[in-house]
Amino acid sequence: MLVAAACSGTPAATDSEFPPWLESLVASTTDFQKEILSDGEVTIDELEKAVLANVQCQEENGVEIRDFVFDPLGGGYEMSIVWGEARPDDSDLESLDAIEEKCTIEYSIAVEGMFMFQNQPTPEELSAVLARTAQCMRERGLEVPVDATQQQLQELAVSDYGAYGECRRLAQDESD
């Protein structure tokens, strides 16, 4: 079973100017997403609508999805993709990637991008999460430098991804 997941940040005040990548994405998106984005803001309900449309599109294109869960507080979601008896080969994975890309572009990429932009943590919040993550990793026996950057933490995660993931979740949960 292959598990795919996506997540977003916690609500935070952001500056109202959109970065060029987001402006371009919104300007070139589909009518479905333009309708959601028309007021310049994405609510949690609108995000869920877009994500569910994406999932439905994938299912209509032959992807069997189970255990879909949407977090109505933070906007994250996860799901399991079910394969038959045989392990998927490269062509199966390429086909899945093509379906996922098609459905994401059609139904949710711009909406998810706008939601993440609106809810990105402030530099202070990000710094606090990184500090809590680093401390947690130290408590699990990893040698983490003081004032470690996110990239340094991710590089250390290679040696113990489970600890990094657990510490990152705990640190984010504390900030919610």
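General observations
- Using 0.36 nm per residue and subtracting the Cα-Cα separation, the extra length available between Glu48 and Glu125 on full extension is 25.2 nm.
- The calculated FRET efficiency for the pair Asp31 and Glu166, based on their C-beta separation and a Förster distance of 45 Å, comes to about 0.65.
- Within region 2-118, antiparallel bridges make up roughly 100 percent of the DSSP beta bridges whose residues both belong there.
- Longest DSSP-loop-exposure-free segment, GluC sites (Glu not before Pro), the chain, at most 14 other Cβ within 10 Å: 86-142
- Placing dummy labels 7 Å off each Cα toward the beta-carbon, the span from Ala86 to Val158 is 3.4 nm.
- Site pair Ser24 and Glu78 shows an inter-label distance of 3.3 nm when each label is modelled 7 Å from Cα along Cα→Cβ.
- With the alpha-carbon atoms of region 123-175 aligned to their principal axes, the span from lowest to highest coordinate is 27, 19, 16 Å, starting with the largest.
- The H on the amide N of Trp83, modeled in the peptide plane, is under 5 Å from the matching H of Leu2, each at least 5 residues off or on a different chain.
- Phi-derived couplings, Karplus 6.51 cos²θ - 1.76 cosθ + 1.60 at θ = phi - 60°, listed residue by residue for region 18-23: 8, x, x, 4, 6, 4 Hz, with x used for Gly and Pro.
- Where labels lie 7 Å past Cα in the beta-carbon direction, separation of Asp147 and Ser95 in nm: 5.3 nm
- Residues whose placed amide H lies under 5 Å from that of Gly76, excluding near-sequence neighbours: Ser8, Asp71
- Ranking of Tyr164, Tyr107 by count of other Cβ atoms within 10 Å, fewest first: Tyr164, Tyr107
- The trypsin sites (Lys or Arg not before Pro) of region 111-155 that meet both conditions, a loop assignment by DSSP and at most 16 other Cβ atoms within 10 Å of the site Cβ, are Arg140.
Bear in mind that the values in this text are calculations on the coordinates, not laboratory data. Note that the structure is a prediction, hence the values are computed from the model and not measured. Neighbour counts run over all protein chains shown; Cβ positions are idealised from the backbone, glycine included.
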